[in-house]
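Everything below concerns the one structure shown next.
Coordinate-derived values only; no laboratory data. Not measured: the values here are computed from a predicted model. Using ideal geometry, Cβ is built from the backbone for each residue, glycine included, and neighbour counts are taken over all protein chains shown.
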Amino acid sequence: MNKEKILVLHTGGTIGSVYNPEKEHREVDVKNAKRLLFEYFGKSTSKYAERSADLFEDIPLGFETLSENMTLEKLGKIISKLTSENLDSYKGVIVLHGTDTLAITAALFSYIFYDISVPVMLVSAKSPVPHPESNATANFTAAVELIMEGIAPNVYVPYRNDDGMTYIHLGATLMQCRNYSNDFYNASANKVFAADDVYIFTDCKILSDKRSCKRVEFPLRFSAKRIKVIQPYVGIDYSEINTDGISAILHGSFHSGTLCVGGYNSSSALTLGIECMQKGIPVFIACCANGSDKYSSTSDAVEMGGMIPLDMTLESAYMKLTLAVSMGYAGEELVAFMKSEINNEFIN
């Protein structure tokens, strides 16, 4: 039994990279990056630092990748590797991952591991471990501390933003880091460490355990071939969108959960909605709260265009939809699956 050990799986990413001075760029080197990460943690102020030599059970993945090169096939291999291990025998799990597609992986993990009995932490960094501005050690330390202090089982992302605060994010509601920013945001984020690394998060079970008993299967392979994702923009031409062979459409929204519904023309999402209703293709809108404070354009999209609002991040909705289609859901069953909460993915 390894109940006092933490399982560590390294996929690559910035936290698994080192700087190559000859080529003047960062490149994946998991072996050296991992050695440095454990070394820096051992020198940290964590009360578990002195256990760095025997606290971690390090398992090889068999491949490494920058997260911008992540594919559904690679995600399937990572999940297969984790599910092949007896995770219940560990205190928790840390998966080291790049930042570029972190929110995608966090969302998928939240669904696949919705009933896991130990906490899973996805840990990343804005710069390689030795860099003076890197948050790798801070993020890794937060993951270790939260696991060892008994945080409720679920999928989490600990991350120190540029404000000097470390936040703990639920994986199902993490939003991707924006361009020209080093910060991650999440509607459910809680502060974990103050800027001087003083531990202030006292109730490790406060992040709730509101998880569904709905059965989620790990499909033999993930596929998004029959899913179309559309982002709204001024000038969009819906007549150019081919819906043949599509099982579902995920439509993003503007900041207020809105999209263009100005009449029945090629610029209006109503045109797409009506076409898809005739073909029996569900169209989901995310991020889109359907409460009393919604805009009329949202109401029109739902009532006149037959679209289905999802109060979820786009990343989480996409991964849930990918999982559903990969499991063989279609039509009304697909809609019912998307509307059913699995693991805290609905914002409100």
* To do: Tell me the label-point distance for the pair residue 179, residue 275, using the 7 Å Cα-to-Cβ offset, in nm and rounded to one decimal.
  => 2.7 nm
* To do: Using the number of other C-beta atoms within 10 angstrom as an exposure proxy, rank 9, 174 with the fewest first.
  => 9, 174
* To the nearest 10 degrees, how steep is helix 136-148 against the longest Cα principal axis of the chain, on a 0 to 90 scale? -> 90 degrees
* State the answer as a single residue: which of 321, 266, 239 lies farthest towards the positive end of the charge dipole of segment 227-339, with beta carbon charges of +1 for Lys and Arg and -1 for Asp and Glu, about the Cα centre. => 321
* Asked: Percent antiparallel among DSSP beta bridges with both residues in the chain, to the nearest 5?
  -> 40 percent
* Asked: If you take the charge dipole of segment 2-193 about its Cα centre, with +1 on Lys and Arg Cβ and -1 on Asp and Glu Cβ, which of 112, 132, 161 is farthest toward its positive end?
  -> 112
* If you project the alpha carbons of segment 227-339 onto their three principal axes, what span does each projection cover, largest first, in Å? -> 36, 31, 21
* Structure fact -> Using alpha carbon centers only, segment 97-162 is separated from segment 234-269 by a whole-angstrom value of 34 Å
* To do: Give the long-range amide H neighbours of residue 285: residues separated by 5 or more places, or on another chain, with amide H under 5 Å away, using H modelled in the peptide plane at 1.01 Å from N.
  => 251, 308, 310
* Structure fact -> Checking rank on 315-327, 34-46, 269-281, 142-154, with mean other Cβ inside 10 Å and highest first, the result is 315-327, 142-154, 269-281, 34-46
* Spin-label pair residue 341/residue 299, simplified geometry with 7 Å Cα→Cβ offset, distance in nm -> 2.6 nm
* **For 169, 25, 97, order by how many other beta-carbon atoms lie within 10 Å, fewest first** => 25, 169, 97
* Which angle between 0 and 90 degrees, to the nearest 10, do you get for helix 314-326 versus the longest principal axis of the chain when only C-alpha atoms count? -> 80 degrees
